[in-house]
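Asks: Sharing a structure with you now.
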Amino acid sequence: MDALDRRQFLVRTGLMLGAGLLAGALPLPKALGQTTASPPPKLDTWEAVRNQFLLKRDWIHMTGFLLASHPAPVREAIERHRLGLDEDPATYWFEHEESAEAEVLRAAAGYLGAQPTDIALTDSTTMGLGLLYGGLTLWPGQEILSTTHDHYSTETSLRHRAERTNTSFRQVPLYKQLASVSKDELVESLIKAVRPNTRYVAVTWVHSSTGLKLPIRAMADALAVINAKRNEKDRVIFCVDGVHGFGVEDVAVADLGCDFFTAGCHKWMFGPRGTGLVWGHPKAWPLAHATIPTFNNEAYRIWMKDLPPHEVPKAAIMTPGGFHSFEHRWALDEAFKFHLAIGRDRIATRIHLLNRQLKEGLAAMKHVTLHTPMADDLSSGIVCFEVEGMAPEQIVQSLRQKKILASVTPYATKYARLAPSLLTSPKEVDKTLDAIRKLAG
């Protein structure tokens with residue numbers, strides 16, 4: 001950086017966001033060569049929503065929850081930022097970094113029903129889980145409680161933390177038989193597993209292994225009863241991997257009742273690939289400690305002695321610094337706006353209707369075993385099943401030959417998996433059911 005004094009470079013860039021930026025919308029400076037953004041699309045029909053994506057029309061897309069295809073507003077925002085960065089990286093970054101990230105945080109807060117200063121930005125669910133669980137405060141004798149149903153990323157992050165702190169990490173099942181599982185059983189199993197030394201409880205909102213959705217609010221309420229009898233330093237902290245409910249369910253994260261909520265934004269949210277977040281309750285954030293240095297403007301300027309020492313919001317400290325794929329991060333606000341333009345209630349209703357159509361069709365087939373609960377309050381957008389006499393990989397390959405994209409659960413126990421979403425139609429669900437029906441015998 002020969003042409004610029006390092007100190008002035010850091011001061012000019014605004015390596016994080018001041019309260020003023022987060023409080024209200026600021027106009028984004030126009031990029032060199034940047035074109036005007038397209039007007040918001042009209043999303044009053046599901047075909048209009050589907051038209052926002054470049055997905056191949058001759059395929060049925062039942063794997064949209066793995067990695068997002070970008071809708072038009074997100075694609076266009078990425079390209080606008082990419083053009084500006086390609087034409088003059090330093091100038092574009094100087095002019096956009098602070099205001100663009102503030103816009104992303106405001107949009108995320110609006111969708112989550114939260115405050116921008118309670119949100120840390122990450123690159124994925126796994127990064128968020130690693131950063132959060134890797135920095136949680138644990139005292140000697142305290143334990144971490146999780147379940148036997150969680151993803152590799154959750155289990156491994158928690159196990160790493162327990163090893164580094166020489167504390168206990170325990171996993172328990174939440175049900176005996178998935179076919180007969182109930183909300184009461186899920187809540188009671190979790191609460192019975194809590195011990196006096198349990199400090200953190202970590203669960204997954206929607207299990208990608210089976211499609212089961214946990215009653216997070218009911219679990220939070222039950223944990224609150226336990227916490228009412230505990231000192232603050234012994235209170236159970238409730239952490240949720242929410243990625244497969246985020247963008248599906250019509251609920252604000254603050255209403256879930258958890259202390260921390262982690263999710264990637266490039267799955268059901270249709271955000272730019274390589275984006276995610278961690279939300280923390282203001283009372284819980286002090287328990288988290290950063291692993292990667294932040295590029296928070298205030299923290300950096302305190303370090304440079306440009307500002308007197310003062311407290312910086314913990315979510316800002318937990319947002320990893322360094323140079324990211326800014327054209328993707330800065331386009332994330334468009335994903336939240338896209339969802340809100342469609343309507344969270346419409347999205348939830350549509351996805352649940354399509355999944356119920358699929359589940360009812362599968363349940364009626366004698367050669368199929370449906371593993372995902374039928375009830376909407378115990379399931380979301382993922383459907384797991386088996387076909388008699390076929391391995392999950394064979395099912396997926398057979399469907400692929402008919403241009404239907406399915407997946408296999410990445411767990412020790414494997415099932416075939418489908419995920420009807422805004423990218424699919426009732427007609428395509430029927431075609432998928434017909435293809436599975438023909439797998440009999």
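The values are calculated or read from the model by the stated rules, or taken from the named source; none is laboratory data. Fair warning: this is a prediction, and the values are worked out from it, not measured in the lab. Backbone-built Cβ (ideal geometry, glycine too); neighbour counts: all protein chains shown.
Asks: Of the residues 359, 366, which single one is more than 23 Å from the chain's Cα centre (by Cα) and crowded, with 21+ Cβ neighbours inside 10 Å? Working first, answer last.
Replies: Values: 366 fails: crowded, with 21+ Cβ neighbours inside 10 Å.
The match here is 359.
Asks: Here is a further query. Inspect the range 96-107 for any residue being at pLDDT 95 or above, surrounded by fewer than 20 Cβ atoms within 10 Å (Cβ to Cβ), outside the structural domain of residue 331 (by TED's automatic domain parsing) and among the polar types (S, T, N, Q) and give the result as yes or no.
Replies: no
Asks: Residue by residue through the range 203-238, note down the ones that are part of a helix (DSSP H, G or I) and not aliphatic (A, V, I, L, M).
Replies: Here is the first cut: in the range 203-238, the ones part of a helix (DSSP H, G or I) are 216-227, 232-234.
Residues satisfying the conditions are 217, 221, 227, 232, 233, 234.
Asks: Any residue at all in the range 287-295 that's small (Gly, Ala, Ser) and within 27 Å of residue 196 (Cβ to Cβ)?
Replies: yes
Asks: From the list 84, 110, 141, 128, pick out the single residue that is in the same structural domain as residue 317 (by TED's automatic domain parsing) and at negative phi.
Replies: Being in the same structural domain as residue 317 (by TED's automatic domain parsing) and at negative phi holds for just one of 84, 110, 141, 128, which is 128.
Conditions tested, residue by residue: (1) in contact (Cβ under 8 Å) with a residue 40 or more places away in the chain; (2) hydrophobic (A, V, I, L, M, F, W, C); (3) out of contact with any strand residue (DSSP E or B) (no Cβ under 8 Å at 6 or more places or on another chain); (4) part of a loop (DSSP other than H, G, I, E, B).
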{"position": "128", "(1), (2), (3), (4)": "yes, no, no, no"}
{"position": "144", "(1), (2), (3), (4)": "yes, yes, no, no"}
{"position": "160", "(1), (2), (3), (4)": "no, no, yes, no"}
{"position": "184", "(1), (2), (3), (4)": "no, no, yes, no"}
{"position": "201", "(1), (2), (3), (4)": "yes, yes, no, no"}
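Asks: Among the candidates 217, 195, single out the residue that is surrounded by fewer than 23 Cβ atoms within 10 Å (Cβ to Cβ) and under 17 Å from residue 113 (Cβ atoms).
Replies: On inspection, the qualifying residue turns out to be 217.
Asks: What are the pairs, 6+ residues apart or on separate chains, where a residue within the range 271-282 that is surrounded by fewer than 24 Cβ atoms within 10 Å (Cβ to Cβ) has its Cβ under 8 Å from a residue that is in a strand (DSSP E or B)?
Replies: So the pair list comes out as 281/260.
Asks: (1) part of a loop (DSSP other than H, G, I, E, B); (2) surrounded by 21 or more Cβ atoms within 10 Å (Cβ to Cβ); (3) touching a Phe, Trp or Tyr at 6+ places or on another chain (Cβ under 9 Å): which one isn't true of residue 336, the others all being true?
Replies: Exception for residue 336: condition (1).
Asks: In the range 384-399, is there at least one residue being touching an Asp or Glu at 6+ places or on another chain (Cβ under 7 Å) and either in a strand (DSSP E or B) or under 20 Å from residue 249 (Cβ atoms) (or both)?
Replies: Looking for residues that are touching an Asp or Glu at 6+ places or on another chain (Cβ under 7 Å) and either in a strand (DSSP E or B) or under 20 Å from residue 249 (Cβ atoms) (or both), one finds none in the range 384-399, hence no.
Asks: State whether one or more residues within the range 223-231 are crowded, with 19+ Cβ neighbours inside 10 Å and either out of contact with any helix residue (DSSP H, G or I) (no Cβ under 9 Å at 6 or more places or on another chain) or closer than 30 Å to residue 101 by Cα (or both).
Replies: No, the range 223-231 has no match at all.
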